[in-house]
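The block underneath contains the structure these notes are about, expressed in structure tokens.
The values are calculated or read from the model by the stated rules, or taken from the named source; none is laboratory data. All figures in this text were calculated on a predicted structure; none of them were measured in a lab. Neighbour counts are summed over all protein chains in view; Cβ atoms, including those assigned to glycine, are modelled from backbone coordinates with ideal geometry.
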Amino acid sequence: MSSPGQGSHTSASLEKTAYKEPNKFLRFLNSKKVVPYIFVSPFILSFLILTLYPAIHGIIMSFQSILPGQVEFIGLRNYERVFNPNFYKALSNTTIYVILTVIILTLVPMLLAILLNSKLVKFKTIFRASIFIPALTSTIVGGMIFRLMFSEADSSVANQIVNFLGMESIDWRYNAWSAMFLMVILASWRWIGVNVLYFLAQLQNISDELYEAADIDGASAFQKLRYITIPHLKPITIFVSTITIINGFRMFEESFVFWETSSPGNIGLTVVGYIYQQGIGQNDMGFGSAIGVVLMLIIFVISIINLIATGTFKRGDE
Amino acid sequence: MDTNKKNSGLTWVATVGFALISLIILFPIIGLLISSFRPSSDLMRDGITFSIDFSQLNMDNYMYIFQQAASYWSWYGNSLIISALTIVLSLFFSSMVGYALAVYDFKGRNLFFVLVLLILMIPFEILMLPLYQMMVGAQLVDSYFAVVLPLIVAPVAVFFFRQYATGLPTALMDAARIDGSTEYGIYFKIMLPLMGPSLAAMAILQGLASWNNFLWPLLVLRSNDMFTLPIGLATLLTPYGNNYDILIAGSVLTIIPIVILFIFFQRYFVAGLTSGGVKG
């Protein structure tokens, strides 16, 4: 990443700040004991108001029945309702989606990055940029394009290909398997370029000396890949698969763009979609919060497993 | 001689292979571009198709959107305002926090840093219902403020700024103190300008995230004239397709400015969108 800039012009800006005798309060505000806390205060406020309070309130809400002007505690009744066939459908859809996206969005970008990093490919920058461009689109616009490409009509791109291969046209949005295919391909299309960049950054960190030493020892291209490249990619592979897993459990838009809030036989229902459907759609905020708490526990357990498996504290983000 | 020949053959195969892959990946966007010149009724009936009647291509969808789609332009304005607010506010606050965590030694510094990492791991979707309740309670629903508020202190950005500010020359700070500058003067006049590249990367990350944000605006925006582009466009995705002209031309006009920015500021896009990881 970029290096810090140079501060050649700073002396000029210093001369402008003329020395003044500060009063006591200003001196207090400027003391080195106070200044850091003032700088950090936006974070403290946002943490308390926008993270800690909603987290606690969410847990409280999950034990409540919430109707306009009438909130009462109902113990574990929301949780008893959570484990129903719709939730299991949402959870199994989400899990399958996570497994498929992790496999695709780790292996394919890794392979593409290794090839892009080799001396074999020309015009690398153009290819890297083209692969990255889908990441600039929103899921809604991307999904709209995929809806039109995978429309039920015989004349859509997807069905033209399918017909060309000698098969019948497919109602893409109405079969369980093709519904999953649509969500996975949309997510993969949008994220592949970003993940390629992660792998490329790591590949460029591997020192050339290792490969030179291997050359002297007469290692083949495959041996260099197997014993130098792949082991060095381990940390970034763990990172990429971790954020893909977390993003997978947060998935909502990829389903919404194809079916809004209700899909035939719930073939597109996801856990977050279920929270939205119950909490906002049905206005059952207590029940929605209970699903949210269960989702939090699932993600928490996965993070712990990940932490143990890798032995390091890994960061996840959007 | 022989190995060279073999290598150039391989290079040829790999390069053509990548050209094909790039073409496949760009195909949906090219398809969108071409389709935006097709009659919207055809588009609705056939979807995006290989069999395009090139004699039918025209500018009607764009004429319509520029002359008659007032709601589309109000979404566009909302998206611009919300993205601008998000960029300005989140850069201002997140950089302050990241900077303090990097350059000052104070009690609780490590705790704050651990909290930043912790929030990074909590999915927003889990907090959205109580946050929504809060917005309803504060009567902020259907306002720009409600959309922007949760993004103001972005943990990703705090983390990124903290990493970046760790490399800043602290000797400059001491020199400025001797000259009588306040800590705030040091920050805004000396250190912040040095953080330029990281500000650019985060402006792009936050701007793009906000431009494409969907779930939270979907919750807190109620009226059509407050919708952002993704929310507004999503309302047009009906099976009846009576607004496909706005949908398709509108999507193109949503993507194009971003792609142009990307071409000019590629380096910052790359730094911004991969800021979640790589190196520490």
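Observations on the structure shown:
- Any hit, the range A:254-270, residues being closer than 30 Å to A:Glu72 by Cα and touching a residue at least 40 places away in the same chain (Cβ under 8 Å): yes
- Note on the range A:271-281: residues that are buried (at least 19 other Cβ atoms within 10 Å of the Cβ), without any contact (Cβ under 8 Å) to a residue 24 or more places away in the chain and more than 10 Å from every other protein chain (Cβ to nearest Cβ) total 1.
- Hits in the range B:96-112 (condition: in a helix (DSSP H, G or I) and farther than 13 Å from A:Ser41 by Cα): B:Ala102, B:Val103, B:Asn110, B:Leu111
- Filtered residue count, the range A:79-92, keeping only those that are assigned to a helix (DSSP H, G or I) and either without any contact (Cβ under 8 Å) to a residue 24 or more places away in the chain or within 14 Å of B:Phe18 (Cβ to Cβ) (or both): 4
- Qualifying residue in the range A:176-184 (condition: over 30 Å from A:Thr261 (Cβ atoms) and assigned to a helix (DSSP H, G or I)): no
- The single condition from (1) part of a helix (DSSP H, G or I); (2) more than 26 Å from B:Gly31 (Cβ to Cβ) that A:Pro134 fails is (2).
Results for (1) in a helix (DSSP H, G or I); (2) more than 30 Å from B:Leu89 (Cα to Cα), shown as yes or no for each residue.
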{"site": "A:Tyr53", "(1), (2)": "yes, no"}
{"site": "A:Thr94", "(1), (2)": "yes, yes"}
{"site": "A:Leu112", "(1), (2)": "yes, yes"}
{"site": "A:Leu115", "(1), (2)": "yes, yes"}
{"site": "A:Lys119", "(1), (2)": "no, yes"}
{"site": "A:Ala158", "(1), (2)": "yes, yes"}
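- Counted residues, the range A:275-309 - those being more than 14 Å from B:Leu219 (Cα to Cα) and either hydrophobic (A, V, I, L, M, F, W, C) or within 19 Å of the chain's Cα centre (by Cα) (or both): 21
- Of the residues making up the range A:204-224, not a single one is in a helix (DSSP H, G or I) and either within 30 Å of A:Ser62 (Cα to Cα) or in contact (Cβ under 8 Å) with a residue 24 or more places away in the chain (or both).
- One residue from B:Ile204, B:Ile178, B:Ile256 being buried (at least 19 other Cβ atoms within 10 Å of the Cβ) and of a type outside the set (Ser, Thr, Tyr): B:Ile204
- Residue tally, condition at the interface with chain B (Cβ under 7 Å from one of its Cβ atoms), under 21 Å from B:Gly207 (Cβ atoms) and touching a residue at least 60 places away in the same chain (Cβ under 8 Å), over the range A:125-137: 1
- Considering each residue of the range A:61-70 in turn, at least one proves to be surrounded by 14 or more Cβ atoms within 10 Å (Cβ to Cβ) and in a helix (DSSP H, G or I).
- Residue among B:Ile263, B:Ile255, B:Ile248 that alone is more than 30 Å from B:Arg45 (Cβ to Cβ), at pLDDT 85 or above and of a type outside the set (Asp, Glu): B:Ile263
- Single unsatisfied condition, B:Tyr104 versus (1) more than 7 Å from chain A (Cβ to nearest Cβ); (2) in contact with a Pro (Cβ under 6 Å, 6 or more places away or on another chain); (3) surrounded by fewer than 20 Cβ atoms within 10 Å (Cβ to Cβ): (1)
- A single entry from B:Arg45, B:Arg38 fulfils the requirement of being surrounded by 16 or more Cβ atoms within 10 Å (Cβ to Cβ), of a type in the set (Lys, Arg) and out of contact with any strand residue (DSSP E or B) (no Cβ under 6 Å at 6 or more places or on another chain): B:Arg38.
- Residue within the range B:1-17 that is within 29 Å of A:Ile140 (Cβ to Cβ), among the aliphatic types (A, V, I, L, M), within 8 Å of another protein chain (Cβ to nearest Cβ) and surrounded by fewer than 17 Cβ atoms within 10 Å (Cβ to Cβ) present: no
- Filter result for B:Asn213 (under 20 Å from B:Tyr132 (Cβ atoms), surrounded by 17 or more Cβ atoms within 10 Å (Cβ to Cβ), modelled with pLDDT of 85 or more and not hydroxyl-bearing (Ser, Thr, Tyr)): yes
This table checks each residue for (1) within 13 Å of chain B (Cβ to nearest Cβ); (2) in contact with a Pro (Cβ under 6 Å, 6 or more places away or on another chain); (3) hydrophobic (A, V, I, L, M, F, W, C); (4) under 30 Å from B:Tyr268 (Cα atoms).
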{"position": "A:Phe39", "(1), (2), (3), (4)": "yes, no, yes, yes"}
{"position": "A:Ile60", "(1), (2), (3), (4)": "yes, no, yes, no"}
{"position": "A:Arg77", "(1), (2), (3), (4)": "no, no, no, no"}
{"position": "A:Ser118", "(1), (2), (3), (4)": "yes, no, no, yes"}
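- So A:Phe123, is it touching a helix residue (DSSP H, G or I) at 6+ places or on another chain (Cβ under 7 Å) and under 18 Å from B:Phe265 (Cβ atoms): no
- Selection of helices (runs of 4 or more DSSP H) fully inside the range B:164-277 by the criterion of at least 2 residues being at the interface with chain A (Cβ under 7 Å from one of its Cβ atoms) and under 30 Å from B:Val103 (Cα atoms) returns B:171-178, B:196-212, B:266-273.
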